[in-house]
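Below you'll find the structure, written out as C-alpha cells, and then a few comments.
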Amino acid sequence: MPGAGIWRTKSVEQSIADTDEPSSRLRRELTAKDLTVFGVAVVIGAGIFTLTARTAGNVAGPSISLAFVLAAVACGLAALCYAEFASTVPVAGSAYTFSYATFGEFVAWIIGWDLVLEFALASAVVSKGWSMYLGGMLGASDTTVHVGSVALDWGAVVIVAAITAVLAIGTKISSRVSAVVTAIKVAVVLLVIVVGIFYIDKSNYSPYIPEAETAQDTATGLHQSLFSMLSGADGSSYGWYGLLAAASLVFFAFIGFDVVATTAEETKNPQKALPRGIFGSLAIVTALYVGVTLVLTGMVKYTDLRTGSALVGDGSATLATAFEAHGITWAQMAINVGGLAGLTTVVMVMMLGQTRVLFAMSRDGLVSRRLATTNRKGVPVRITLVVGGVVAVLAAVFPMGVLEEMVNIGTLFAFVLVCLGVLVLRRTRPDLPRGFRVPLVPLIPIVAVLACGWLMLNLSVETWIRFAIWMALGVVVYFAYGRRHSVLGRRLRAQEKTVERAPEAEPELV
C-alpha cells in the first residue's frame, strides 16, 4: 500500500501549506540582515582563538591561511545547495524538510534524527566551553559543584537557561541579542588583527608551505582516521598533505551556517533573504579567519607554535601565545571576553536550530504532535523549553570529550544529502520557482559531495562507530513510532480508503 511506504515524499506545496496551520504557525519577521547575524554568530566561536594557532603550529605552518580558503570553498559549495533548497522550500527544518521532498520520509527521518544529535550535542559541548571561559574570568579552574557523587556544571546550566528564556520570548528578540553579542566578539577579532599587524615579521611567512614531515603523534586503532585505516597511510605534518589535512580540520570552524536555513519559515521574502544571509555570513567569517591566521603566523614563527616548543611547552598554542611572545599581556583578557561572547551566540543559534528541526518533525507527526504548537506570538515555547531542559542536563552532567566529533560527522552527512537533493529536485520538479539556482549543475553538487565525503573520511573510526549506533537507534524509533504516527502516512491511507469505498462510475451512454 503506497500510503504505508517508507519512501513516500511530501510535496513542496504540502510542506508550504502546512505552515499556515493557526496552531503551529511561525511568525515571519526575519530579514537578510538578521540571517547574516545568525550566520556570523554561530560560525565564529572560541575556535578562532584556539584552533588557528594549534593547527598552524602542528599541521600546516603559515599555509594555515590557505587552508581556511580551501575549507571556505568546500563550505561554499555546500552553501550554494543550501541556498537553492532554502529559497525553493522556505519551511522550518532545513535538511530534514529538503530530504522529505526529495528522498522520502525514511531518509528525512534519518537526517532529522542526525540533526537532533548535531544540534543537541553542539549546544551542550559549547555550553561547557562557555563555562570554562567563565571560570577563567572568575579566577577558578571550572564552575563545577558536587552534589553527592554527581558533578554538576552550574556555569553551563546558567547559560543554557538564559538562552532558553530569550528564545522563548521570540526569534526577533533572539536576533537582537545575538547582534549585540556578535558585535562584541567581532570587535575583539578586529582588535586582534589591527594590533597584531604592527608586530608582523614577513620572514615568518617563509617557507609558506614547509617541507612535509612525519606527524609527531600518529593515532592508531579506533583513534585513527577512517582514511588512515582504509589506506594504511601514516599522518604527516606540513607539506601539501599537511595543508589538505589542515583544511579538513579548520572546515569545522565554518560549521553552523546551515542553521540559517532552519529559520526559512520565519523569514520575510525568503527567496532573496536566505541566499543573502547564507553567503553574507560565509564571506564575513572567511575574511576574519584569514585575517587572524595571517596576523598569527606573521607575529611568530610557526615552529614556535608547535606543541613542545619553548614558547608553548606541553600545552597547545592559542592566539594569545603570539601576543604574549611580544609582551602584550592584556591580549589574554580580550580573548577571554571574545571567547565568552563567541560561545554565547553559538549556543543560542544552535539551540534555535534544534527547536526548528524538532518542530518540523513534530508537525509531521514523526515525533509527538503535542510539541508542534506556537503561542499567540508565533513562538514554539513548549518545544523550546523541552530542548533547553535536555541541553541543560547534557551540559551539566555528561563530559563530552570526543563526542565533539559526532557534531562534525552529523553536519557533513546533512551536507551530502542536501547536495544530492538538489540534483533530485531539479529532475523531479523542474517547474518549481527557485529564488536562487546553483550554477553548473550537476558539477557543483557532485564536487560538494566529494569534498564533504573527503572530510568525513578524515574523522576517527570511533566517531563512525558511534554515529552508526545513533543512526541504528533512530531506525528503531522510526519503525516503533514515527512510521505509524506520520501525518503524511495517515493522509495517504485515508485517501486510499476513500477510493476503495467510492462506487464505480456508471459507464457513459453513447
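General observations
For (1) of a type in the set (D, E); (2) assigned to a helix (DSSP H, G or I); (3) touching a Gly at 6+ places or on another chain (Cβ under 9 Å); (4) modelled with pLDDT under 85, each residue gets a yes or a no:
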{"position": "I278", "(1), (2), (3), (4)": "no, yes, yes, no"}
{"position": "S281", "(1), (2), (3), (4)": "no, yes, yes, no"}
{"position": "A287", "(1), (2), (3), (4)": "no, yes, no, no"}
{"position": "V292", "(1), (2), (3), (4)": "no, yes, yes, no"}
{"position": "G298", "(1), (2), (3), (4)": "no, yes, yes, no"}
{"position": "A310", "(1), (2), (3), (4)": "no, no, no, yes"}
{"position": "T321", "(1), (2), (3), (4)": "no, yes, yes, no"}
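- Test result for R483, among the charged types (D, E, K, R), in contact with an Asp or Glu (Cβ under 9 Å, 6 or more places away or on another chain), more than 15 Å from E118 (Cα to Cα) and modelled with pLDDT of 85 or more: yes
- The stretch 65-115: number of residues that are of a type outside the set (G, A, S), surrounded by fewer than 24 Cβ atoms within 10 Å (Cβ to Cβ) and outside any helix (DSSP H, G or I): 1
- When restricted to residues that are among the hydroxyl-bearing types (S, T, Y) and under 21 Å from K202 (Cβ atoms), the stretch 265-304 contains 5.
- Selection status of A273, over 30 Å from R490 (Cα atoms) and in contact with a strand residue (DSSP E or B) (Cβ under 7 Å, 6 or more places away or on another chain): yes
- Options A360, A261, A287, A245; residue that is over 18 Å from the mean Cα position of the chain (by Cα), hydrophobic (A, V, I, L, M, F, W, C) and closer than 25 Å to R176 by Cβ: A287
- Scanning the stretch 291-315 for residues that are β-branched (V, I, T) and crowded, with 18+ Cβ neighbours inside 10 Å returns V292, T293, V295, T297, V300, V312.
- Annotation: of all residues in the stretch 258-274 being on the phi < 0 side of the Ramachandran plot and surrounded by fewer than 24 Cβ atoms within 10 Å (Cβ to Cβ), the one that is modelled with the lowest pLDDT is Q271.
- Each residue in the stretch 184-233 was checked for being modelled with pLDDT of 75 or more, outside any helix (DSSP H, G or I) and more than 28 Å from V285 (Cβ to Cβ), and 3 pass.
- Among (1) at pLDDT 85 or above; (2) more than 21 Å from A122 (Cα to Cα); (3) among the hydroxyl-bearing types (S, T, Y) - the single one T36 does not satisfy: (2)
- Criterion violated by V447 - all others in (1) assigned to a helix (DSSP H, G or I); (2) surrounded by fewer than 18 Cβ atoms within 10 Å (Cβ to Cβ); (3) modelled with pLDDT under 90 satisfied: (3)
- Subset of the stretch 164-186 (residues that are in contact (Cβ under 8 Å) with a residue 12 or more places away in the chain and closer than 30 Å to F323 by Cβ): V177, S178, A179, V181, T182, I184, K185, V186
- Test: residue in the stretch 9-21 that is under 26 Å from V499 (Cβ atoms), modelled with pLDDT of 80 or more, among the charged types (D, E, K, R) and surrounded by fewer than 19 Cβ atoms within 10 Å (Cβ to Cβ): yes
- Contacts under 7 angstrom Cβ, first residue in the stretch 1-12 being over 8 Å from R493 (Cα atoms) and charged (D, E, K, R), partner surrounded by 12 or more Cβ atoms within 10 Å (Cβ to Cβ) and modelled with pLDDT of 85 or more, 6 or more apart: R8/G104; R8/E105; R8/L488; R8/G489; R8/L492; K10/Y100; K10/A101; K10/L488
- Condition check for K185: surrounded by 22 or more Cβ atoms within 10 Å (Cβ to Cβ) and either in contact with a Lys or Arg (Cβ under 6 Å, 6 or more places away or on another chain) or charged (D, E, K, R) (or both): yes
- Filter pass, A325 being at pLDDT 85 or above, surrounded by fewer than 24 Cβ atoms within 10 Å (Cβ to Cβ) and over 26 Å from the mean Cα position of the chain (by Cα): yes
The values are calculated or read from the model by the stated rules, or taken from the named source; none is laboratory data. Since the model is a prediction, treat every value here as computed from it, not as a measurement. Reconstructed Cβ throughout: ideal geometry from the backbone, glycine too, with neighbour counts over all protein chains shown.
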